[in-house]
Structure formats: structure tokens, C-alpha cells
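Remarks on the structure that follows.
The values are calculated or read from the model by the stated rules, or taken from the named source; none is laboratory data. Predicted, not measured: the structure shown is a model, and the values here were computed from it. Heads up, the Cβs are rebuilt from the backbone with ideal geometry, glycines too, and the neighbour counts pull from every protein chain shown.
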Amino acid sequence: MPDMSTQTNQRSLPAWVGHLACFGAYFIFGFNLVACKNISNGNFISPMGFFCLRAIGATALLWAISIFLPKQKVERRDLLKIFCASMLGLFLTQYFFLEAITVTTPLDASILASMAPIMTMFIAAAYLKEPITFKKIAGVLISLAGVLLLIFNSVSISAGAEKTTAMGFIMMTLNCLSFALYLGLFKPLIEKYDTVTFMKWMFLFSTIASVPFDIKELVTLDLSSVAPSLLWQLLYVIVFATFIAYMLIPIGQKTLRPTLVSMYSYVQPIIAAALSIYLGLDRLDWQKVVAAILVFSGVAIVNNSKSAAAIKKTQQS
């Protein structure tokens, strides 16, 4: 099959596709919170072992489907960039998170995680020259207010420690910073390659980096002794919350600005709260309704703020 041009037609995707992709990814992540908690409570695999299984499963699926798709050659100089993107967007993000949840309370972890869009906004401004407009700041703060209202008014369904240590704050901050750097620094690279090509290398590098840390556990892991319900949830995490969700995010990155992509992470606690209400772990009240309205209002405001290209076009006209 012929090589595809590095200038893929995914650049011309309409913005609504990016919005739908980001919403879909974080919708999946919302259910992922419950599945990860159940798997963690099952005590049949360590956090790092869990991440290794996710990375291995996604890598296998991505390379398998790439066989049936048109081939796109990755420039050798870009492989190092994709490796760095993999470390920031996958390996280090997950490593810092897994380290943090053992020494961070669910409440503190949720609050610290909500800082990611703010970090992304400043990184995108510094590296991509995306303007920090009043409308963008207002939108981020409105969504942040909605998330904090939801966090302080919901029953937590995430595993965590009873007390947050200084190391917990550091690890969660590094977790947010790693993913913010990934969103802010690698948009041009993500635009250059099609989603499957980019992500199959991302997960391959992440697998290579993570497996040595947990090879002994992976070799001795006995999944036959695990309850079927947990195996189904493990399958959900690998196929949906890793393979599918992590393919949707780059689609959003191709069509939306980094700050807006990051702000869709605020959808995750809303989905988790809705699921906890459905499971009887929480109840619906006016605070949650207001929180959801604030979150989506903030996203809409940031979406309508001017990009660097729009401002430049206005100045030229």
C-alpha cells in the first residue's frame, strides 16, 4: 500500500468532531474511575502492573489495526519527539498518578487534578503563542468553580489515602504538569500524523518504558483466579478507557486548542457523579445541577474565545 502524506486530511476535520471526541474520551474516563477502584480493591495486581496491562493491551490493539490501514511513514527525527510525548502523556502521567493516590486523599487528588487546564493554558501561551484572553480566563475559572462545587458536594468514588502528604501534593502536581506539557507542546506533531500511527508509537514506547518495572509480576500474574466481574472491568479499562479513549483525545487535539482539550477533563467528575447517583452512592441536588451548568458554560466560553490565528487575521484585516 502507498505511503500517506504527512499532511493528513485530519486537519480539515470540523471542530464539532473534536468536541465529540473529547467528550467521548472523558465520558469513558468517568466510568473508568469506578472500574479502576474495583480492580484496585480486588488486590490481584499492583498499580504499576495495572498500567502495564493497559499499555500492552492498547499497543497490541493499535499495531493490529494498523495492519489493515494505509501506511504512514514516521520520520526518524520525529520518533524521538513521539517518545518524549509518550513519556509525558502516558508513562509519567500515569506513574505520578499511581504514586500520588497512595499518599493523597480523594478530595485533595480531585482538587489538584482540576488545575491541569490552567497549566495547559499557560504552556500553550508560552509555546504555541495562544493568547490568554479575558474570555478564556473567565471560561476556565467558571468551569473550575463548577468542578470544585461538584467535588465538595459529592461522595468520592476514588481510592486514596486517609491523609495527604507533601509527596502526594508533589506527585499530583507533576501528574497535571506532565499531561499539560503533552497537550501544550505536541499539537504540531499530532497534527502531522494520523491518529493510529501516532498512538501506536506512543503506546509502544510507554510499554517499553513500563514493563521492566513490573516484569516479575506480569510473568507470575494468574488471571484465572480473578473474579469474572473484575476481568470484565479490566477488559473495559484496556479496550475502552485506554485503547479507544486515548485514540479520541488526539482527534480533539487536531481540531481544538490545548486549553479546550484539557478542559474536557472537567466532564469526568460529572460522569462519575452521575454514576455514583445511579449506584445509590450519592444523590442529585441543585448544587450538582449548577456545577454541571458551570462546567459546560465555561467550556463554551473558552471555545468562543479568539485563537492566535483569529487575532492575527483580525490585525491583518
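Return the pairs, sorted by first residue and then second, in which the second residue is surrounded by fewer than 24 Cβ atoms within 10 Å (Cβ to Cβ) and at pLDDT 95 or above, the first residue lies in region 238-262 and is on the phi > 0 side of the Ramachandran plot and of a type in the set (Gly, Ala, Ser), the beta carbons are less than 9 Å apart, and the residues are 6+ apart or on different chains. Every condition considered, no pair remains. Of the helices (runs of 4 or more DSSP H) lying entirely inside region 214-317, those carrying at least 2 residues that are modelled with pLDDT of 85 or more and of a type in the set (Ser, Thr, Tyr) are 228-238, 245-255, 258-263. Inside region 93-118, residues that are in contact with a Ser or Thr (Cβ under 8 Å, 6 or more places away or on another chain) and of a type in the set (A, V, I, L, M) make up a count of 8.
Can Ser210 be described as within 23 Å of Leu144 (Cα to Cα) and either in a loop (DSSP other than H, G, I, E, B) or not aliphatic (A, V, I, L, M) (or both)? So Ser210 fails the test.
Selection over region 112-127 of residues that are over 16 Å from the mean Cα position of the chain (by Cα) and buried (at least 17 other Cβ atoms within 10 Å of the Cβ) gives a count of 3. In summary, Tyr193 fulfils each of the numbered conditions (1) in contact with a helix residue (DSSP H, G or I) (Cβ under 6 Å, 6 or more places away or on another chain); (2) crowded, with 19+ Cβ neighbours inside 10 Å with the single exception of condition (1).
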